[in-house]
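Novice: What follows is a single structure, and I will ask about it in a moment.
The values are calculated or read from the model by the stated rules, or taken from the named source; none is laboratory data. On a predicted model such as this, the values are computed, not experimentally measured, just so you know. Using ideal geometry, Cβ is built from the backbone for each residue, glycine included, and neighbour counts are taken over all protein chains shown. When the accessible area is computed, the model is the full protein with side chains, heavy atoms only, and any ligands, DNA or RNA have been set aside. Shrake-Rupley method; radii C 1.70, N 1.55, O 1.52, S 1.80 Å.
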Amino acid sequence: MAAKKTAIDPEAVRSALVARFRDAADPVRAKSMQAYMKTTMAFWGVSNGAVRKLCREVFKQHPVATKQDWLAVARHLWRKADHREEWYAAMEWTGLRAARPWQEVDVLPLYEEMIVGSSWWDTVDAIAAHRVGTLLKNDPKAMKPILRRWSKDEHLWKQRTAILSQLTFKEDTDLDLLFATMLPSLERKEFWLRKAIGWALRAQAPYSEAQVLAFVRAHQDQLSGLSKREALKHFPEKTRAALL
């Protein structure tokens, strides 16, 4: 009879990660990373590539077998983090191959906690495109009304998440949803919303050129210059000049 698998210890995973971060720390680089990110949260000074490699090595030593354990570790890593790379590690944990079957709507509160708790582009954009976007792919019926609500939410980063959630969908993008998530933010002044709209339109343009152009034309008086410049970046100069 096979031995029963024991629950994973979230603190054991965190302790192993922190030990590796401490060994790899670069205090000089940490200061420049913190300044670049304009955050009060400390850095260890470990590059993104090194963070991913370190995470793979540590996570391999702590295999997870249940959704409950996966969520417990994710929450622990996120909530106990006092350096930004530890947040990145929590995000890496949520993307484990073993967790693919668990990417369901009921884990959205975890991603919402990360989005609201960090409220900055280095975390939110990856969560939007690669975590919330995955939930949308897996259960569009449940996620679409949620993202429509988020697009009207008072929290800027939930709005940005709604706009960027289909960033990797290419020809599978639901254009009705994409445009609907943008409409509440068309006349907003915040850079992060204006940039998100332009970025999402630019990413979609190669797959839906006519529809993107029609959207820009229909809302050219509401869209900011930044949004239009981004959206039209790869269109002919004559088209850009007529709409900018």
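Novice: Hey, can you tell me all the residues within the stretch 177-199 that are open to solvent by 10 Å² or more (accessible area, probe 1.4 Å) and either part of a loop (DSSP other than H, G, I, E, B) or under 23 Å from Ala142 (Cα atoms) (or both)?
Specialist: Result: Phe179, Ala180, Leu183, Pro184, Glu187, Arg188, Lys189, Glu190.
Novice: Still on this structure: For the stretch 212-244, what are the residues that are crowded, with 17+ Cβ neighbours inside 10 Å and either in a helix (DSSP H, G or I) or among the hydrophobic types (A, V, I, L, M, F, W, C) (or both)?
Specialist: Within the stretch 212-244, Val212, Leu213, Phe215, Val216, Leu223, Ser227, Lys228, Glu230, Ala231, Leu232, Phe235 meet the criteria.
Novice: What single numbered condition from (1) of a type in the set (Gly, Ala, Ser); (2) assigned to a helix (DSSP H, G or I); (3) surrounded by 14 or more Cβ atoms within 10 Å (Cβ to Cβ) fails to hold for Gly45?
Specialist: Among (1) of a type in the set (Gly, Ala, Ser); (2) assigned to a helix (DSSP H, G or I); (3) surrounded by 14 or more Cβ atoms within 10 Å (Cβ to Cβ), Gly45 violates only (2).
Novice: Can you say whether Ala214 is out of contact with any helix residue (DSSP H, G or I) (no Cβ under 9 Å at 6 or more places or on another chain), modelled with pLDDT under 95 and more than 24 Å from Trp121 (Cβ to Cβ), as far as the supplied structure shows?
Specialist: Considered against the rule, which asks whether it is out of contact with any helix residue (DSSP H, G or I) (no Cβ under 9 Å at 6 or more places or on another chain), modelled with pLDDT under 95 and more than 24 Å from Trp121 (Cβ to Cβ), Ala214 comes out as no.
Novice: Can you name the number of the only condition in (1) under 29 Å from Lys38 (Cα atoms); (2) open to solvent by 30 Å² or more (accessible area, probe 1.4 Å); (3) part of a helix (DSSP H, G or I); (4) charged (D, E, K, R) that Asp122 fails?
Specialist: Every listed condition holds for Asp122 apart from (2).
Novice: Can you pull out the residues in the stretch 71-108 that are under 18 Å from Ala30 (Cβ atoms), outside any helix (DSSP H, G or I) and without any contact (Cβ under 8 Å) to a residue 60 or more places away in the chain?
Specialist: Passing the criteria: Ala81, Asp82.
Novice: May I ask you to list the residues in the stretch 180-202 that are hydrophobic (A, V, I, L, M, F, W, C) and in contact with a helix residue (DSSP H, G or I) (Cβ under 8 Å, 6 or more places away or on another chain)?
Specialist: Matches in the stretch 180-202: Ala180, Met182, Leu186, Phe191, Trp192, Leu193, Ala196, Ile197, Trp199, Ala200, Leu201.
Novice: When the stretch 52-62 is examined, which residues are found to be out of contact with any helix residue (DSSP H, G or I) (no Cβ under 6 Å at 6 or more places or on another chain) and either in contact (Cβ under 8 Å) with a residue 40 or more places away in the chain or hydrophobic (A, V, I, L, M, F, W, C) (or both)?
Specialist: Arg52, Phe59, Gln61
Novice: Scanning for something open to solvent by less than 40 Å² (accessible area, probe 1.4 Å) and touching an Asp or Glu at 6+ places or on another chain (Cβ under 6 Å), does the stretch 12-33 turn up at least one residue?
Specialist: yes
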